[in-house]
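The values are calculated or read from the model by the stated rules, or taken from the named source; none is laboratory data. Values in this document were obtained by computation on a predicted structure and should not be read as measured data. Cβ atoms come from the backbone with ideal geometry, glycine included; neighbour counts cover every protein chain shown. All accessible areas refer to the heavy atoms of the entire protein, side chains included, with ligands and DNA or RNA removed. Shrake-Rupley method; radii C 1.70, N 1.55, O 1.52, S 1.80 Å.
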Amino acid sequence: WQQQHKGKLKQQLHNPGSQQMMTQQSQQTNLSQMTQPNENGEATSAAAAATPPSNKAPTIIYASRTHSQLSQVVRELRNTRYRPKHAILGSRDHMCIHPKVNPTIAKAKGSVNANDKKSSSDVNHGCSKLNKERKCVYRNNLDDSSGKGGSGCSSSTNFGPGHEQPILDMEDLVSMGKQQKLCPFYHTRSLIKDAEIIFVPYNYLFDPDARSTTLAEVDFANAVLIFDEAHNLEEFASESSSFDLTSADVAGCVGEVQRALQYLQVNPDMGNEGLKDNMLRLKSIFLRFEQYLLEGIAQPRAGQKVASDGAASHPGEFIFDLLKEGGGITHKNNGIFISFVREVSEFIMEFKGNTSSATPKLDHFAACTKKVFGTGTNLLA
């Protein structure tokens with residue numbers, strides 16, 4: 001972990017694969033008074049859900065760094081005579097076809113302009129909001145098709161008993177989704193349970209959230225993992241557990257919570273019991289953390305090294321002291337803190353009535369906190 005003299009923080013935690021999934025408990029410090037949201041941020045270890053050994057052949061999980069590399073491997077598979085049951089997983093950025101959520105993919109090539117580009121956070125938030133309200137026609141069509149005994153595909157791509165599953169890369173899946181008005185993102189996830197081969201980006205294996213949700217049905221005790229270009233793993237592991245957090249980010253969090261308070265004042269009926277008090281406490285936490293970055297962090301500490309330009313470096317475990325002393329965020333209460341930040345973001349989205357993320361700074365702070373405590377990330381690629 002390194003601190004730049006202008007207040008820029010950079011955290012590097014090594015060996016993310018060894019990070020433990022923490023079961024969240026009741027809050028302490030000034031978080032202890034918060035009303036716990038419905039989503040309490042609890043995570044369970046994949047090992048706890050392990051099933052007894054079976055006679056089923058091992059599932060092959062093929063991981064690559066980029067989506068384009070995965071599509072290339074799928075196209076090579078199509079050139080063979082092998083037609084296994086498979087699933088190719090990609091991000092909503094690449095597979096969401098809703099025109100309001102992800103116009104870059106939804107529109108035809110050549111008709112996309114600069115204003116159509118949305119961030120990954122916006123795409124993820126937009127998708128979640130529409131699905132929560134059951135307003136995504138593509139997901140609804142997919143669920144209706146699956147509920148009638150189908151696989152989420154029409155006769156041209158159906159692969160029930162006696163049918164081979166066609167080998168489709170991401171572009172093929174997106175094209176199929178547009179033609180049949182079905183969601184390719186959730187369609188591919190419906191294939192995981194019975195898949196013999198699963199194609200995934202690296203981060204689906206590195207992220208505890210992904211392993212416990214998207215890949216929850218995979219028996220990793222009976223799986224073979226293949227990493228394409230495995231020499232990239234060390235660099236990817238370092239990058240996936242690193243982040244930048246600046247004083248401007250913390251100030252932005254204060255501003256976003258303040259905006260939520262203003263929206264709640266305009267329409268108090270939208271908030272649940274205790275929401276205003278929780279918002280005030282959350283604002284207080286960020287103000288305290290901002291002050292700590294300016295003053296408290298400058299105090300000399302054991303193991304600290306100061307460079308000639310004034311930048312200071314600390315042992316990696318210092319990041320835990322930073323969050324505890326600066327904001328009262330610990331192993332025990334970080335899950336509740338993160339889930340509450342998410343609730344504030346959803347409250348603003350509901351008030352504004354759109355599908356774009358309204359709290360990019362809060363989202364970033366929550367993602368950084370989750371990386372520190374090894375509980376995954378909210379915005380999956």
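Whole angstrom only: what separates the Cα centroid of segment 171-220 from the Cα centroid of segment 228-274?
26
Can you tell me the accessible area per residue over segment 186-278, all protein chains present, probe 1.4 angstrom, in square angstrom?
Details: 4300 Å² over 93 residues.
Heavy-atom accessible area per residue stands at 46 Å².
Keeping all protein chains in place and using 1.4 angstrom, which order do 81, 189 fall into by accessible surface area, from largest down?
81, 189
In whole Hz, with x marking every Gly and Pro, tabulate ³J(HN,Hα) for segment 319-333 from phi via Karplus 6.51 cos²θ - 1.76 cosθ + 1.60, θ = phi - 60°.
Along segment 319-333, the couplings run 4, 5, 5, 4, 6, 6, 6, x, x, x, 9, 10, 4, 6, 10 Hz.
For the pairs 85/117; 181/361; 178/370; 193/371; 283/370; 56/132, flag any whose C-alpha to C-alpha distance is greater than 26 Å. Don't skip to the answer; put the middle values down first.
On the way: 85/117 34 Å; 181/361 34 Å; 178/370 35 Å; 193/371 28 Å; 283/370 19 Å; 56/132 35 Å.
The answer is 85/117; 181/361; 178/370; 193/371; 56/132.
So, in nm, how far is label residue 66 from label residue 222 when the simple model puts each one 7 Å beyond its Cα toward the Cβ?
Rounded to a tenth, the inter-label distance reads 3.6 nm.
Enumerate the calculated ³J(HN,Hα) couplings along segment 174-184 in order (Karplus 6.51 cos²θ - 1.76 cosθ + 1.60, θ = phi - 60°), each rounded to whole Hz, writing x wherever the residue is Gly or Pro.
Working through the residues one at a time gives 5, 4, 4, x, 5, 5, 9, 6, 10, 7, x Hz.
Roughly how many Å² of residue 219 are accessible to a 1.4 Å probe, to the nearest 10?
Surface open to solvent at residue 219 totals about 40 Å².
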